[in-house]
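Asks: Please see the structure below; I have some questions.
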C-alpha cells in the first residue's frame with residue numbers, strides 16, 4: 001500500500017495574510033526524492049507567489065510532472081506563467097508538463113501570459129505542454145493519481161472545483177475556494193486528509209468561515225481536517241480553535 005506526501009508550499013490567502021505564500025501544495029508518493037525517476041509528482045494549485053515558494057523550499061520546477069488547478073483566480077493559478085517561463089528559460093525543461101483544471105484553462109493561461117509577457121504564449125519551448133480540462137464528477141488519471149473534480153460555489157470566470165486525489169489506497173481531498181455546499185460532504189467522505197479553506201471566522205461571500213464549517217463538521221467524514229487560505233483574523237485565532245491550521249513548509253504523510 002502506497003503513502004502520499006503532501007507539503008504546503010503556500011497556505012495563504014489572496015492577500016498574503018500572515019506573510020504566507022499563496023495556495024500551492026506539493027504532492028508526491030512517499031519515498032521518492034526529487035532526483036528520483038519515480039512516479040508523477042504534482043502541484044495542487046499554483047498561486048502567483050508559488051515560484052518564489054518553490055525556490056525557498058527547494059522544490060525545482062523540473063521536479064514537477066503535473067499541475068492541478070482548482071479554479072482560475074490569480075492566487076490559485078497566477079504562478080503558472082512564471083512556472084512555464086522558468087521551465088523554458090532557466091531550468092531548460094525537457095520532460096512533458098501536464099496542466100489540468102477547469103474548462104477554459106488553456107485560453108486563460110495564454111491570456112495571462114500575454115498580459116504579463118506579450119508574445120510569450122506562442123514562443124517555442126523544449127518540452128511538451130499538455131492542457132487537460134477536467135469534467136465535473138468525472139475521474140481523470142494523472143500518472144498514478146486518480147483525480148475527481150466536484151463543482152463548488154466560487155465565481156471565478158470558469159467552473160470552480162473541489163478535488164479528490166487518490167494514490168493507491170490513500171485519498172487527499174481539497175475544497176478549493178467555496179461557500180458551504182453539501183458537495184463538500186461527498187468530497188471529504190473517508191478522505192485521509194481534507195484540506196479546507198477557511199478564510200474568515202464569520203461568514204463572508206464566496207468563502208468558507210469557521211462558524212459555518214463547525215456546524216457541518218460531523219457531516220464531513222474525513223479522517224483529518226486541516227484549514228488553509230486563512231485571513232488575518234483566522235490566523236490570530238487559530239490557536240484557540242478546535243481545528244488544525246496549515247502552515248507554509250508543513251508536510252503530512254497519508
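The values are calculated or read from the model by the stated rules, or taken from the named source; none is laboratory data. Quantities reported herein were computed from a predicted structural model and do not represent experimental measurements. Ideal geometry is used to build each Cβ from the backbone, glycine not excepted, and the neighbour counts take in all protein chains shown.
Asks: In the range 222-238, which residues are in contact with a helix residue (DSSP H, G or I) (Cβ under 6 Å, 6 or more places away or on another chain) and closer than 25 Å to residue 171 by Cβ?
Replies: Initially, the range 222-238 is screened for residues in contact with a helix residue (DSSP H, G or I) (Cβ under 6 Å, 6 or more places away or on another chain), giving 222, 231-232, 235.
Within the range 222-238, 222 is the sole residue that qualifies.
Asks: Continuing with this model, one more query. Being surrounded by 16 or more Cβ atoms within 10 Å (Cβ to Cβ), touching a strand residue (DSSP E or B) at 6+ places or on another chain (Cβ under 8 Å) and either in contact (Cβ under 8 Å) with a residue 40 or more places away in the chain or under 21 Å from residue 40 (Cβ atoms) (or both): is that true of residue 210 here?
Replies: Numbers: surrounded by 16 or more Cβ atoms within 10 Å (Cβ to Cβ): yes; touching a strand residue (DSSP E or B) at 6+ places or on another chain (Cβ under 8 Å): yes; either in contact (Cβ under 8 Å) with a residue 40 or more places away in the chain or under 21 Å from residue 40 (Cβ atoms) (or both): no.
So residue 210 fails the test.
Asks: Of all residues being over 23 Å from the mean Cα position of the chain (by Cα), surrounded by fewer than 15 Cβ atoms within 10 Å (Cβ to Cβ) and in contact (Cβ under 8 Å) with a residue 12 or more places away in the chain in the range 112-124, which is farthest from residue 88 (Cα to Cα)? Just the residue, please.
Replies: Result: 117.
Asks: Test residue 177 against the stated conditions and say whether it is touching a strand residue (DSSP E or B) at 6+ places or on another chain (Cβ under 6 Å), over 28 Å from residue 2 (Cβ atoms) and at pLDDT 95 or above. Walk me through how you get there before you give the answer.
Replies: On the way: touching a strand residue (DSSP E or B) at 6+ places or on another chain (Cβ under 6 Å): yes; over 28 Å from residue 2 (Cβ atoms): yes; at pLDDT 95 or above: yes.
Criteria met by residue 177.
Asks: Among the residues of the range 216-242, count how many are part of a helix (DSSP H, G or I) and either over 21 Å from the mean Cα position of the chain (by Cα) or under 18 Å from residue 23 (Cα atoms) (or both). Lay out the reasoning, then the answer.
Replies: Within the range 216-242, the subset part of a helix (DSSP H, G or I) is 217-220, 232-240.
Within this subset, residues satisfying the condition of being either over 21 Å from the mean Cα position of the chain (by Cα) or under 18 Å from residue 23 (Cα atoms) (or both) are 217-219, 232-240.
Residues in the range 216-242 being part of a helix (DSSP H, G or I) and either over 21 Å from the mean Cα position of the chain (by Cα) or under 18 Å from residue 23 (Cα atoms) (or both): 12 in total.
Asks: Test residue 172 against the criterion of being assigned to a helix (DSSP H, G or I) and either surrounded by 21 or more Cβ atoms within 10 Å (Cβ to Cβ) or at pLDDT below 95 (or both), and give yes or no.
Replies: On the way: assigned to a helix (DSSP H, G or I): no; either surrounded by 21 or more Cβ atoms within 10 Å (Cβ to Cβ) or at pLDDT below 95 (or both): yes.
Here the answer is no, as residue 172 does not meet what is asked.
Asks: For the range 77-94, check the following and say yes or no: at least one residue is over 12 Å from the mean Cα position of the chain (by Cα), under 16 Å from residue 143 (Cβ atoms) and either buried (at least 21 other Cβ atoms within 10 Å of the Cβ) or in contact (Cβ under 8 Å) with a residue 24 or more places away in the chain (or both).
Replies: No, the range 77-94 has no match at all.
Asks: Let me spell it out: the conditions are (1) modelled with pLDDT of 95 or more; (2) within 29 Å of residue 254 (Cβ to Cβ); (3) touching a strand residue (DSSP E or B) at 6+ places or on another chain (Cβ under 9 Å), and residue 109 meets all of them except one. Which number is the exception?
Replies: For residue 109, the failing item is (2).
Asks: Another question about this same structure. How many residues are touching a helix residue (DSSP H, G or I) at 6+ places or on another chain (Cβ under 8 Å) and surrounded by 20 or more Cβ atoms within 10 Å (Cβ to Cβ) if we restrict to the range 181-197?
Replies: 4
Asks: Residue by residue through the range 205-215, note down the ones that are farther than 18 Å from residue 22 by Cβ and within 22 Å of the chain's Cα centre (by Cα). Before you say what the answer is, go through the steps one by one.
Replies: As a first pass, look at the range 205-215 and keep what is farther than 18 Å from residue 22 by Cβ: 205, 209-215.
Hits for the range 205-215 are 205, 209, 210, 213.
Asks: Would the range 239-246 turn up any residue that is under 25 Å from residue 28 (Cβ atoms), surrounded by fewer than 22 Cβ atoms within 10 Å (Cβ to Cβ), at pLDDT 95 or above and in contact with a helix residue (DSSP H, G or I) (Cβ under 7 Å, 6 or more places away or on another chain)?
Replies: Checked the range 239-246: at least one residue is under 25 Å from residue 28 (Cβ atoms), surrounded by fewer than 22 Cβ atoms within 10 Å (Cβ to Cβ), at pLDDT 95 or above and in contact with a helix residue (DSSP H, G or I) (Cβ under 7 Å, 6 or more places away or on another chain).
Asks: Tell me, yes or no, whether the range 132-151 has at least one residue that is farther than 28 Å from residue 88 by Cα and touching a helix residue (DSSP H, G or I) at 6+ places or on another chain (Cβ under 7 Å).
Replies: yes
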